[in-house]
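Shown next, in structure tokens, is the structure this report addresses.
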Amino acid sequence: MSQPDMNQTVETIHTDSASDEAFFSLKDVHSYYGESYIVQGVSFELKEGEIIALLGRNGAGKTSTLRSIARASVPEVRQGEIWLDGEAVHDMVSYQAAQLGIALVPEDRNVIAGLTVEENLQLAQIAPPIGWSLDKIYEHFPRLAERRKQDGVTLSGGEQQMLAVARALARDIKLLLLDEPYEGLAPVIVQEIERILGGIRDLGITTIIVEQNAVAALKLSDRAVILDMGNVVFDGSAQEVLDNAELRQQYLAI
């Protein structure tokens, strides 16, 4: 089994990082797909209610980092610590992390075939329904209210994305992980998803957004963490990335 090279150094740009009173922290996490070394000592923190954009080129390790946080079966975390609200997430398996309040909205959305929109939402609320009520969900997602009796997999891509986000909020979550929420959506639908995510921001839900549409993600976020080949190369304000064309070109190709 290959092990992390602890002599490896990466120059990281740090500006306004989170305080020592972090609500969430990722500390020197190393993750593997088999023998493929993907997440190579990633560390960052969030304050409660903070939103960060986790950015980087394709293959930088963004989705793998989200899956590591959610304690998905792959990739395998072989070193490092993950803490949320004083709890050691790195000692948990996926269902325990979900019970703690970590909600991953994957790129493929995972809408359950054969269940209506409302049944997909109700399934997330099982035992006991301590997250958002259906009425509150429909207030924030009126399009889902209109389609509550429709089979979830027959929704448009944008509507399925709304359902996936709403299903996460149907539980009592502490940390929302969004993987490519704008992927494959028409510009008019992207605007609708942006409106919904802006509402989530106003509610103070601690969130990590992975998104190839970096500018859209940065506009929603307080901070940005940029990965390059499995390492953190920038941790600072979202506005700094928006204002720094050289930084965007070097690490995001925009």
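Scanning segment 66-79 turns up no residue that is of a type in the set (A, V, I, L, M, F, W, C) and closer than 20 Å to LEU203 by Cα. Taking segment 26-49 as the region of interest, how many residues are more than 16 Å from TRP83 (Cβ to Cβ) and among the hydrophobic types (A, V, I, L, M, F, W, C)? Matching residues across segment 26-49 total 2. Just one of the numbered conditions (1) among the hydrophobic types (A, V, I, L, M, F, W, C); (2) in contact with a strand residue (DSSP E or B) (Cβ under 9 Å, 6 or more places away or on another chain); (3) modelled with pLDDT under 95; (4) surrounded by fewer than 19 Cβ atoms within 10 Å (Cβ to Cβ) is not true of LEU115: (3). Taking first residues from segment 200-218 that are modelled with pLDDT of 90 or more and partners that are surrounded by 24 or more Cβ atoms within 10 Å (Cβ to Cβ) and among the basic types (Lys, Arg), the Cβ contacts under 6 Å between residues at least 6 apart in sequence or on separate chains come to VAL210/LYS62. When LEU66 is tested against (1) closer than 18 Å to ILE208 by Cα; (2) out of contact with any Ser or Thr (no Cβ under 8 Å at 6 or more places or on another chain); (3) modelled with pLDDT under 95, exactly one condition is not met: (3).
What residue, among those in segment 209-249 that are among the small types (Gly, Ala, Ser) and in a loop (DSSP other than H, G, I, E, B), is surrounded by the most Cβ atoms within 10 Å (Cβ to Cβ)? Per the stated criteria, the residue is SER221. Scanning segment 179-196 for residues that are farther than 15 Å from GLU139 by Cα and over 13 Å from the mean Cα position of the chain (by Cα) returns GLU183, GLY184, LEU185, ALA186, PRO187, VAL188, ILE189, VAL190, GLN191, GLU194. Just one of the numbered conditions (1) over 15 Å from the mean Cα position of the chain (by Cα); (2) under 28 Å from GLY114 (Cα atoms); (3) not in a loop (DSSP other than H, G, I, E, B) is not true of GLY199: (2).
The values are calculated or read from the model by the stated rules, or taken from the named source; none is laboratory data. As the structure is a prediction and not an experimental result, all values here were calculated from the model. Ideal geometry is used to build each Cβ from the backbone, glycine not excepted, and the neighbour counts take in all protein chains shown.
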